[in-house]
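Okay, so here's the structure we're looking at.
The values are calculated or read from the model by the stated rules, or taken from the named source; none is laboratory data. Everything quoted here is computed from the prediction, not taken from an experiment. As a convention, Cβ positions derive from the backbone with ideal geometry for all residues, glycine included, and neighbour counts pool all protein chains shown.
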Amino acid sequence: MKVSGKKDLQILKEKGLASLFPDKTRIMVGMATCCISKGADKVMTGIKEEVKKRGFKANVVPVGCTGLCYKEPTVEVIQPGKPKITYGDITPERVPQLIEAVGKGGVKKEWALYQTEREDLLLDGGYHAYCSKGAAKELKALPKHSEIPFLKKQRKIILRNSGLINPENIEEYAARGGYSSLLKAVTQMKPQELIDEVTKAGLRGRSGGGFPAGIKWLSCSRAEGKVKYIICNISEGDPGIGMHKSLVESDPHSILEGMIIAAYAIGAKEGYIYISSGYSLGLQRMEKAVKDARTCGFLGKNILKSGFDFTVRVKEGGGAYVCGEETALIKAIEGDWGEPRQRPPFPAVSGLWGKPTVINNVETLANVPLIVSKGAKWYSSIGSDKSKGTKVFSLIGEVNRAGLIEVPLGITLKEIIYDIGGGIPKGKSFKAVQMGGTAGGCIPKSLSNLSVDYETLAQAGSAMSSGGLIIMDEKTCMVDVVKYFLSFLEGESCGKCTPCRVGVRRMREVLTDISKGKGKKEDLELLEKMAKLIKEGALCNLGKTAPNPFLSTLRYFRDEYLAHIQRKKCPAGVCTS
Amino acid sequence: MTVRPMVTLRINGKEVKVPKGTTVLEAARKLDISIPTLCYHEALTPYGGCRLCVVEVTRDGASSIASSCSYEVAEGLEVKTETDTVLEIRKFVVELLLAEAPEAKVLKDLAQELGIKPSKRFKPRNELCIACGQCIRACKEIVGVSAIDFAKRGYEKIAASPFFERSPDCIGCGTCYNICPTGAITLKDIAEGEKAVLPDGSEITGPARIIDNWKVGLEMKRCKQCGEPFAPQFQLEYFSKKVNLPEDFFEVCVECRVL
């Protein structure tokens, strides 16, 4: 349906509410890439068959990632008047028994993880109650949502819809307050007011160095020229990390809504969503979101009767890691080699096709509707002094509860690793955490009280970057880890500038020698010098940050390097000489 | 003609006034300040890849390292062309490239100039192509053919013909051969009756021009008057078509035409 104002949006919302909280059973299967890789698609098919076979009425709906990656495949069941039950480890074999119980209106307690009595409606305020308080006496033993250690310290505002709504259903997105921020922005706010609000909120870029989003918008909005562009960057490529992938697969409209508001604020009439290859599900869901938003009139001419026009094109990239870099991404959209160029000119002044362009990361944009709806004051009350809001992380590696998490900035590493992640498996001890992907650095156990915010991480030689948290235990060799990161970057370097193309390769060769027990005593000094000059001399941030994993591990684990060089020993027993 | 507004900046403390749009490298040369370059060529769009021409620029109080060939001047810009860091980066770049192409004269000369000895730690690679991209830019911007481009990425990045097969567009003009700073491109003219086998297995009989890098062999056109081969037939056809010349325009060579 075409939405042209508040009334229409309300109708869309009510349709969504009827679908989200129907008067019959709703079975939700986590169907993001992470879930599917663990067999969620088979679980989904199995559930549909079982429901049909047993002849009871239920909507079986694919949803995004619930974040509980360590318990995937996950299934959630809503039955009228009863709490929502979350199940974990639902293999295809377990489906018949689960559906048998659900069909009878019951709960399969062995596989149930927790129950939820009410769902917060963050944007509208208030909540939706699944049942009256204490309605489920027989479920007394089943922990409540708020009692689960994995969830207790999380604050899900960006992921508010992830795992709850069908990402391909715009009505369900609207049911959760979706597109009301856009309505407010284009009908009640001037572009400059939006820029001020985002600046006041303290929103910082959710990849790279955490540049203030409001300042980026302001310089683009002030740049000369009538034609301006906005680009949404969905191209995280760090090995093993998938926050952005999950977000775009779980809640594409939240990104799109943020992007449309940003376009209005900077005066862009056209935008591009750049999705790296390898995001096939995300691409499909984003394309559907764009199509539906167009049908509803959130995109196109005279959006919500405000006089504002905006169109979006979804562009699939080739998958090069370097195309996450702004200037390389622009060249890739233009159809050229994805190679970075020197800045200035900054894209905000001269970007796509030489026009002023704002490039925002997917998570940055997903923050925008929240700021518009709830206000800068509310937003800036979350987080630490200089780092506002929350951050989504991929918590992976040697940790008991791996998953997609969202925490308020300023939380300590310890809280993430132990309280949320449940510590290190198999009784081993925690050694270090690699943060910020290949551009980041390793933080040792001794610093686990560190506050997770932009400045503190940078001081510790690491980075927030796009948000990977790779937990490593005592059996990890730091030389080996750095060798891995450098060989990844060696392969992903575009090859344009000498320090990155040749320098990173030569660093990796020297490290390989060290790991094989062929290191020379002057090697550490050489590597340090190379790292310094690559940081200074490389053209773009891929090269400039490439030495970070080496530098951070040398800072905290110098003894380990020395053991490899002087004693020809790998203390962790990983490298073989 | 519109006059470009002038911009004032300081390089090594000396003030210089240049038109807007000038690069730092050009401005420095105006002051006779020498900055070494490698991937730069005045006839081509700056690439900013080799990082030999780096300088320290200070703008609005913030300093950074930038390649002078691709950095546009700005009002009040402060440039330092020989800080310790700048010199260290230049040496590092030459040291790295010298291990890639130890035989390249341009690198040997630079090494001598900057006082660098070949690194013992880096195993020599003996790959003359240092991915400066001059051949590619010349083919595109000067010749207008775009017969070649970069292939692969990272350490494997190299100027190549499409899919590493015989370039269908190369006109054998030799601009790439002449512009290459390291001599990575081999161009050879074979004489009348001389035979050669091309990388795709086909045989060619002279007079012909062979460029190994792009896997091409092109037959040469003979001058109607003196009988000497003077340019690849394919190249002459390309030019004739491009500027719409009469059919017999290239029947004689340049020398015979003058006579």
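With the structure loaded, tell me whether B:LYS120 is within 14 Å of chain A (Cβ to nearest Cβ), touching a residue at least 24 places away in the same chain (Cβ under 8 Å) and not acidic (Asp, Glu) or whether it fails that test. Before the answer, list the steps.
Values: within 14 Å of chain A (Cβ to nearest Cβ): yes; touching a residue at least 24 places away in the same chain (Cβ under 8 Å): no; not acidic (Asp, Glu): yes.
Spelling it out, it is not the case that B:LYS120 is within 14 Å of chain A (Cβ to nearest Cβ), touching a residue at least 24 places away in the same chain (Cβ under 8 Å) and not acidic (Asp, Glu).
Output the residues belonging to segment A:89-112 that are assigned to a loop (DSSP other than H, G, I, E, B) and under 19 Å from A:TYR130 (Cβ atoms). Talk me through it step by step, then tell me what you get.
Here is the first cut: in segment A:89-112, the ones assigned to a loop (DSSP other than H, G, I, E, B) are A:89-91, A:104-108.
If the condition is that a residue be assigned to a loop (DSSP other than H, G, I, E, B) and under 19 Å from A:TYR130 (Cβ atoms), then A:LYS104, A:GLY105, A:GLY106, A:VAL107, A:LYS108 are the ones that fit.
Return the residue satisfying two criteria in turn: it lies in segment A:131-150 and is under 28 Å from the mean Cα position of the chain (by Cα) and part of a loop (DSSP other than H, G, I, E, B), and of such residues it is surrounded by the most Cβ atoms within 10 Å (Cβ to Cβ).
Step one: filter segment A:131-150 for residues under 28 Å from the mean Cα position of the chain (by Cα), giving A:143-150.
In the following step, the residues that additionally are part of a loop (DSSP other than H, G, I, E, B) were identified as A:143, A:148.
Values: A:PRO143: 14, A:ILE148: 17.
Step by step, filter segment A:131-150, then rank; the result is A:ILE148.
Which members of segment B:143-167 meet the condition of being touching a residue at least 40 places away in the same chain (Cβ under 8 Å), more than 12 Å from chain A (Cβ to nearest Cβ) and touching a helix residue (DSSP H, G or I) at 6+ places or on another chain (Cβ under 6 Å)?
So the first thing to find is which residues in segment B:143-167 are touching a residue at least 40 places away in the same chain (Cβ under 8 Å), and the list is B:144-145, B:147-148, B:159-161, B:164-167.
From the residues that got through so far, the ones that are more than 12 Å from chain A (Cβ to nearest Cβ) too are B:144-145, B:147-148, B:160-161, B:164-167.
Residues satisfying the conditions are B:VAL145, B:ALA147, B:ILE148, B:SER161, B:SER167.
Name the single residue, out of those in segment A:468-480 being closer than 19 Å to A:LEU527 by Cβ and either modelled with pLDDT under 95 or in contact with an Asp or Glu (Cβ under 9 Å, 6 or more places away or on another chain) (or both), that is surrounded by the most Cβ atoms within 10 Å (Cβ to Cβ). Full working, then the answer.
Applying the first criterion (closer than 19 Å to A:LEU527 by Cβ) to segment A:468-480 yields A:477-480.
This time we only want the ones that are either modelled with pLDDT under 95 or in contact with an Asp or Glu (Cβ under 9 Å, 6 or more places away or on another chain) (or both), so: A:477-479.
Details: A:CYS477: 21, A:MET478: 29, A:VAL479: 26.
So the residue we want is A:MET478.
Quick one: which of A:LYS445, A:LYS483 is without any contact (Cβ under 8 Å) to a residue 24 or more places away in the chain and within 21 Å of A:ARG558 (Cβ to Cβ)? I'd like the intermediate steps shown before the answer.
Values: A:LYS483 fails: without any contact (Cβ under 8 Å) to a residue 24 or more places away in the chain.
On inspection, the qualifying residue turns out to be A:LYS445.
How do the helices (runs of 4 or more DSSP H) wholly within segment A:248-345 filter down when requiring 2 or more residues that are out of contact with any Pro (no Cβ under 8 Å at 6 or more places or on another chain) and farther than 27 Å from A:GLY495 by Cβ: which remain?
Values: elements: A:252-266, A:280-296, A:326-333.
In segment A:248-345, the matching helices (runs of 4 or more DSSP H) lie at A:252-266, A:280-296.
So for segment A:516-538 (the condition being assigned to a helix (DSSP H, G or I), in the same structural domain as A:LYS496 (by TED's automatic domain parsing) and over 28 Å from B:VAL94 (Cβ atoms)), does at least one residue qualify? So that I can check it myself, show each step before the final result.
Pass one, segment A:516-538, residues assigned to a helix (DSSP H, G or I): A:523-537.
Adding the requirement that they be in the same structural domain as A:LYS496 (by TED's automatic domain parsing) leaves A:523-537.
Now restrict to residues that are over 28 Å from B:VAL94 (Cβ atoms): none.
Taking every residue of segment A:516-538 in turn, none turns out to be assigned to a helix (DSSP H, G or I), in the same structural domain as A:LYS496 (by TED's automatic domain parsing) and over 28 Å from B:VAL94 (Cβ atoms).
If you go through segment B:222-231 one residue at a time, do you hit one that is surrounded by 15 or more Cβ atoms within 10 Å (Cβ to Cβ), of a type in the set (Gly, Ala, Ser), more than 19 Å from the chain's Cα centre (by Cα) and more than 30 Å from B:THR37 (Cβ to Cβ)?
At the first step, the residues of segment B:222-231 found to be surrounded by 15 or more Cβ atoms within 10 Å (Cβ to Cβ) are B:222-223, B:229-231.
Next, from what is left, pick out any that are of a type in the set (Gly, Ala, Ser): B:231.
Restricting the remaining residues to those that are more than 19 Å from the chain's Cα centre (by Cα) gives B:231.
This time we only want the ones that are more than 30 Å from B:THR37 (Cβ to Cβ), so: B:231.
Yes, the conditions are met somewhere in segment B:222-231.
Does A:LYS38 qualify as being of a type outside the set (A, V, I, L, M, F, W, C), under 22 Å from A:VAL392 (Cβ atoms) and touching an Asp or Glu at 6+ places or on another chain (Cβ under 8 Å)? Show your work before the answer.
Working: of a type outside the set (A, V, I, L, M, F, W, C): yes; under 22 Å from A:VAL392 (Cβ atoms): yes; touching an Asp or Glu at 6+ places or on another chain (Cβ under 8 Å): yes.
So A:LYS38 passes the test.
Do any strands (runs of 3 or more DSSP E) lying entirely in segment B:165-259 carry at least 3 residues that are closer than 23 Å to B:ALA151 by Cβ, and which ones are they?
Where strands (runs of 3 or more DSSP E) fall fully within segment B:165-259 and carry at least 3 residues being closer than 23 Å to B:ALA151 by Cβ, they are B:208-211, B:216-222.
Looking at (1) outside any loop (DSSP other than H, G, I, E, B); (2) under 17 Å from the mean Cα position of the chain (by Cα); (3) surrounded by 21 or more Cβ atoms within 10 Å (Cβ to Cβ), which one does B:VAL106 not meet, given that it meets all the others?
Failed condition: (3).
Considering only residues that are buried (at least 16 other Cβ atoms within 10 Å of the Cβ), more than 11 Å from chain A (Cβ to nearest Cβ) and assigned to a loop (DSSP other than H, G, I, E, B), which ones fall in segment B:79-101?
Result: B:THR81, single match.
Somewhere in segment A:333-351, is a residue under 23 Å from the mean Cα position of the chain (by Cα), surrounded by fewer than 24 Cβ atoms within 10 Å (Cβ to Cβ) and not basic (Lys, Arg)?
Yes, segment A:333-351 contains at least one residue that is under 23 Å from the mean Cα position of the chain (by Cα), surrounded by fewer than 24 Cβ atoms within 10 Å (Cβ to Cβ) and not basic (Lys, Arg).
Please find, within segment B:49-65, the residue that is nearest to A:GLU339 (Cα to Cα) out of those that are buried (at least 23 other Cβ atoms within 10 Å of the Cβ) and within 9 Å of chain A (Cβ to nearest Cβ).
By that ranking, first place goes to B:GLY49.
Each row is one residue, and each column tells you yes or no for (1) over 27 Å from A:GLU147 (Cα atoms); (2) among the small types (Gly, Ala, Ser); (3) in contact with a strand residue (DSSP E or B) (Cβ under 7 Å, 6 or more places away or on another chain).
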residue: A:ASP385; (1), (2), (3): yes, no, no
residue: A:ALA402; (1), (2), (3): no, yes, yes
residue: A:LEU413; (1), (2), (3): no, no, yes
residue: A:GLY422; (1), (2), (3): no, yes, no
residue: A:VAL433; (1), (2), (3): no, no, yes
residue: A:GLY467; (1), (2), (3): no, yes, yes
residue: A:ILE470; (1), (2), (3): no, no, yes
residue: A:ASP473; (1), (2), (3): yes, no, yes
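Of everything in segment A:493-526, what is more than 10 Å from chain B (Cβ to nearest Cβ), over 33 Å from the mean Cα position of the chain (by Cα) and in contact (Cβ under 8 Å) with a residue 12 or more places away in the chain? Give them in sequence order.
Of the residues in segment A:493-526, the ones more than 10 Å from chain B (Cβ to nearest Cβ) are A:507, A:511-512, A:514-519, A:521, A:524-525.
This time we only want the ones that are over 33 Å from the mean Cα position of the chain (by Cα), so: A:514-519, A:521, A:524-525.
Hits for segment A:493-526 are A:ILE514, A:SER515, A:LYS516, A:GLY517, A:LYS518, A:GLY519, A:LYS521, A:LEU524.
Does any residue of segment A:383-394 turn out to be of a type outside the set (Gly, Ala, Ser) and surrounded by fewer than 21 Cβ atoms within 10 Å (Cβ to Cβ)? Spell out the reasoning first.
Initial filter on segment A:383-394 (of a type outside the set (Gly, Ala, Ser)): A:385-386, A:388, A:390-393.
Now drop any that are not surrounded by fewer than 21 Cβ atoms within 10 Å (Cβ to Cβ), which leaves A:385-386.
Yes: one or more hits.
Got a number for residues in segment A:205-262 being free of Cβ contacts under 8 Å to residues at least 40 places away in the same chain and either within 29 Å of A:SER180 (Cβ to Cβ) or in the same structural domain as A:MET435 (by TED's automatic domain parsing) (or both)?
Kept after step one, since they are free of Cβ contacts under 8 Å to residues at least 40 places away in the same chain, are these residues of segment A:205-262: A:211-212, A:214-215, A:218, A:222, A:226.
Still in the running and either within 29 Å of A:SER180 (Cβ to Cβ) or in the same structural domain as A:MET435 (by TED's automatic domain parsing) (or both): A:211-212, A:214-215, A:218, A:222.
Final tally of qualifying residues: 6.
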